[in-house]
Amino acid sequence: MLVDWVREHCHNGTLLQTMDTRFHGNYDKDKASMVLKLGLLCLHPLPSARPSMKQVMEYLEGETALPELAPTHINNVNVMQTRGFPDLTTSIGTFSGLSGGR
Ligand SMILES: *[C@@H]1O[C@H](CO)[C@@H](O)[C@H](O)[C@H]1NC(C)=O
């Protein structure tokens with residue numbers, strides 16, 4: 001549940017609000033959001049999308065830029081829209097059928 005909460009914050013662009021308030025903003029914001037995103041990446045729904053330990057080290061050392069998490073969200077949205085679409089087309093079809101009969 002904690003992961004979903006962090007993921008939601010990441011999606012909302014309020015990722016840094018997940019940082020413990022005891023830090024009182026006394027941390028490197030870039031590093032903090034990078035580590036949080038890296039955490040989400042390691043918990044990716046698709047195991048194949050999770051980074052290897054070697055990649056994790058490279059991300060932490062700043063040698064490699066972290067991939068964007070956004071595409072996964074976009075893909076999920078697309079899947080939902082594709083599923084919702086046939087219903088919409090059906091209702092439009094029914095609607096035109098009715099108005100055509102008048
Ligand atoms: C993200 O934004 C939505 C819509 O504004 C809001 O309902 C939700 O509570 C937010 N999530 C978090 C974790 O703040």
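The values are calculated or read from the model by the stated rules, or taken from the named source; none is laboratory data. All figures in this text were calculated on a predicted structure; none of them were measured in a lab. Backbone-built Cβ (ideal geometry, glycine too); neighbour counts: all protein chains shown.
So the values come out like this:
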| quantity | calculated |
| --- | --- |
| Any chance H44 is of a type outside the set (D, E), within 19 Å of A65 (Cβ to Cβ) and more than 15 Å from the ligand (Cβ to nearest atom) | yes |
| Residue tally, condition more than 10 Å from the ligand (Cβ to nearest atom), among the charged types (D, E, K, R) and either surrounded by 12 or more Cβ atoms within 10 Å (Cβ to Cβ) or under 15 Å from the mean Cα position of the chain (by Cα) (or both), over region 1-27 | 0 |
| Single condition V35 does not satisfy, out of (1) within 13 Å of the ligand (Cβ to nearest atom); (2) among the hydrophobic types (A, V, I, L, M, F, W, C); (3) touching a residue at least 12 places away in the same chain (Cβ under 8 Å) | (1) |
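Conditions (1) modelled with pLDDT under 85; (2) in a helix (DSSP H, G or I), marked per residue:
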| residue | (1), (2) |
| --- | --- |
| L41 | no, yes |
| H44 | no, no |
| V56 | no, yes |
| Y59 | no, yes |
| L66 | no, no |
| T72 | yes, yes |
| N75 | yes, yes |
| V79 | yes, yes |
